[in-house]
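One structure is given below, encoded as structure tokens.
No value in this document is a laboratory result; all are computed from the given coordinates. Remember, predicted model here, so these are calculated numbers, not experimental data. Note that we place each Cβ from the backbone using ideal geometry, even for glycine, and neighbour counts take in every protein chain shown.
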Amino acid sequence: MTGISNGGYLTRWQLENRPDLYDGGVDWEGVLWTTRGPNLLTGLPVTVARSQGTADDDDLLGAGFHPGSRFLWPYHEKVYWGLTQKAFRAEFDPTYDPACPGASAGTTPEQIFAACPSDAAYSYASRPASVRRAVAKVALTGRIGRPLITLHGDLDALLPIATGSDVYARTVERTGRAGLHRYYRIEDGTHADGLYDTYPDRLRPILPCYRSAFTALTAWVEKGASPPASRTVARPSDGDVVNSCGLGG
């Protein structure tokens, strides 16, 4: 089982809840859902507030966004933040501003990507208990039952690593399943590899690391070869970062 972003979340969930169906998984920047938070509904409202002028850069840093990812924020504000917040908020908390996004997120790119202004003031903690019950149905526990390799870029500007995979790795450890988990923090990786073409001097693509992780998982589950220890995978000063990535340093 493998996936990226929401697919990474599904990989985690399946290995927690249906490990009998799989040999293992590779989770690429999976979304973290926990009942009390952190989750998307605790982390994204501040991004909308910033776009509305009621929060600033320091608020984003306080919410876990990496200071080195600042140069990516304008793009994410335009494409990711508002859309992601309103889509998941409408799913888990449909009574909060039901007129936005309404029956759909819009019909034009501008409408689809636009934030709902009301989300700037969204407070997950103060919403009715029914919202947390809805999130609890999809929440992760860290109790994986098969080998799992997690990859996450430290400059992810949609799912900050500090409130995402860092938290999930600690959750797995607390459940006593750390022996089944490897976690590779990819230096200068971000949520969308396509941005490497725009910032080749500031980013590295994660896909080569994903390929290495999948190869490592195969050896782990088929041959019993333990992958390298969890670590931060530094961006090399030279070499072909588009086609190669060593997980072992």
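Some observations on this one:
- Around the amide H of TYR183, modelled in the peptide plane, lie the amide H atoms of THR150, SER230, ARG231, all under 5 Å away and 5 or more residues distant in sequence or on another chain.
- Under 15 Å from the THR54 label point (7 Å along Cα→beta-carbon), backbone N, the range 118-160: 118-127
- Nearest-ten-degree value, helix 207-223 long axis tilted from longest Cα axis of the chain: 50 degrees
- The charge dipole of the range 6-48, taken about its Cα centre with unit charges on the Cβ of Lys, Arg, Asp and Glu (plus for the first two, minus for the last two), comes to roughly 220 debye.
- Here LYS223 is the anchor, and the aspartates and glutamates within straight C-alpha reach of less than 17 Å, apart from those fewer than 8 places off in the same chain, are ASP23.
- Dipole size of the range 117-249 about its Cα centre, with +1 on Lys/Arg Cβ and -1 on Asp/Glu Cβ: approximately 940 debye, rounded to the nearest 20.
- Across the range 13-29, coupling constants 3J(HN,Hα) worked out from phi with the 6.51/-1.76/1.60 Karplus curve, θ = phi - 60°, read 4, 5, 6, 7, 9, 9, x, 5, 8, 9, 8, x, x, 10, 9, 9, 6 Hz, and Gly and Pro carry x.
- Put simply, when 197-206, 40-49, 235-244 are sorted by average Cβ atoms within 10 angstrom per residue, most first, you get 40-49, 197-206, 235-244.
- Evaluated at q = 0.13 Å⁻¹, a Debye calculation over the C-alpha positions of the chain (equal weights, vacuum) places log10 I(q)/I(0) at -0.82.
- Debye-sum result for the range 40-135 in log10 I(q)/I(0), which assumes one identical scatterer on each alpha carbon, at q = 0.14, 0.20 Å⁻¹: -0.49, -0.97
- In this Cβ point-charge picture (+1 for Lys and Arg, -1 for Asp and Glu), the chain has a dipole of about 960 debye about its Cα centre.
- 5 angstrom amide H check on GLY153, placed H, neighbours 5+ away: ILE186
- Gain in span if fully extended, ASP197 to SER244, counting 0.36 nm per residue against the direct Cα distance: 15.3 nm
- Within a straight-line Cα-Cα reach of under 17 Å, LYS78 can be paired with the following lysines, leaving aside sequence neighbours fewer than 8 residues apart in one chain: LYS86.
- Local net charge near TYR75, Cβ-Cβ under 13 Å (Lys/Arg +1, Asp/Glu -1): 0
- Of THR171, TYR75, LEU155, farthest towards positive along the dipole that unit charges on Lys, Arg, Asp, Glu beta carbons give the chain: THR171
- Charge-dipole axis of the range 40-135 as Lys and Arg at +1 and Asp and Glu at -1 on Cβ define it, positive-most pick from ALA55, PHE113, ALA99: ALA99
- Computed from backbone phi with θ = phi - 60° and the Karplus coefficients 6.51, -1.76 and 1.60, the 3J(HN,Hα) list for the range 101-106 is x, x, 5, 8, 7, x Hz; x is used for glycine and proline.
- Couplings for the range 162-171, taken from phi via the Karplus curve 6.51 cos²θ - 1.76 cosθ + 1.60 with θ = phi - 60°, read 5, 10, x, 5, 4, 5, 5, 4, 5, 5 Hz in order; Gly and Pro are left as x.
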